[in-house]
Amino acid sequence: MNKQQIIKNVSTLLQEIPTSMEIVKDDHKREKRFDYLAKYMVEKAIEKDALIVSDDGKGIAILFRTNSNDKNFWKDTIQDIKLALNVTGIKKGLKAMKTQSYVKSQRPKEGDYLYCWFWGILSDARGSDDSKTAYNMKNQFYARAQELQLPIYAETRIRRISIAYQRYGFKQFNEWDHPSGGKMYFLKYSPPPKEK
């Protein structure tokens, strides 16, 4: 699958996520702003070898290996001036930064881990279809976690997504009243030890 199609799919998926809907500036350039954000995310994922794409191309995830000392990664995306100008606008960018500090505080203070920055499946590949896109992607996540012997951390503001994560073996370890309303769910998956 080519990079442009992946970016287009990520842009489509971002328009269903409460957090990105909130931070992307709502004006006549909104569609372009989502495209810019998607391009930024996909290029960052490729650069960090974090992009996972399902066989049918309808499922896309970004799973970073990182730690609390990884200053390049944690250089907050909102602080990137280009993102502020092209995606959020300054006011929404500053608001998002405040929320991000709490979200980041939920992740480990030491040691490496995998962080699921993004995971989306196009609507026509969801549910009980034959492709089992989500199930197959979950297996890729778990294979990576097992191989590296690292936990996976994720968060979502969509309850049904939190339930799906838990169905796949994640444990919810925190629930937070998000400043914009609703809840945010924090989840962790711990891989079984490698067999000797």
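The table that follows gives values for the structure above.
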{"read-out": "The one condition in (1) farther than 22 Å from Ile17 by Cβ; (2) at pLDDT 90 or above that Tyr153 fails to fulfil", "value": "(1)"}
{"read-out": "Identity of the residue in the range 156-196, free of Cβ contacts under 8 Å to residues at least 24 places away in the same chain and among the basic types (Lys, Arg), that ends up nearest to Ile23 (Cα to Cα)", "value": "Arg160"}
{"read-out": "Residue count for the range 156-184, restricted to those that are open to solvent by 20 Å² or more (accessible area, probe 1.4 Å), modelled with pLDDT of 90 or more and either among the hydrophobic types (A, V, I, L, M, F, W, C) or in a strand (DSSP E or B) (or both)", "value": "9"}
{"read-out": "Per-region count, the range 104-145, residues over 20 Å from Val10 (Cβ atoms) and open to solvent by less than 20 Å² (accessible area, probe 1.4 Å)", "value": "3"}
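The values are calculated or read from the model by the stated rules, or taken from the named source; none is laboratory data. All figures in this text were calculated on a predicted structure; none of them were measured in a lab. FYI the Cβ positions are ideal-geometry reconstructions off the backbone, even for glycines, and counts take in every protein chain you see. Remember, those area values only see protein heavy atoms, side chains included, never the ligands or the DNA or RNA. Shrake-Rupley method; radii C 1.70, N 1.55, O 1.52, S 1.80 Å.
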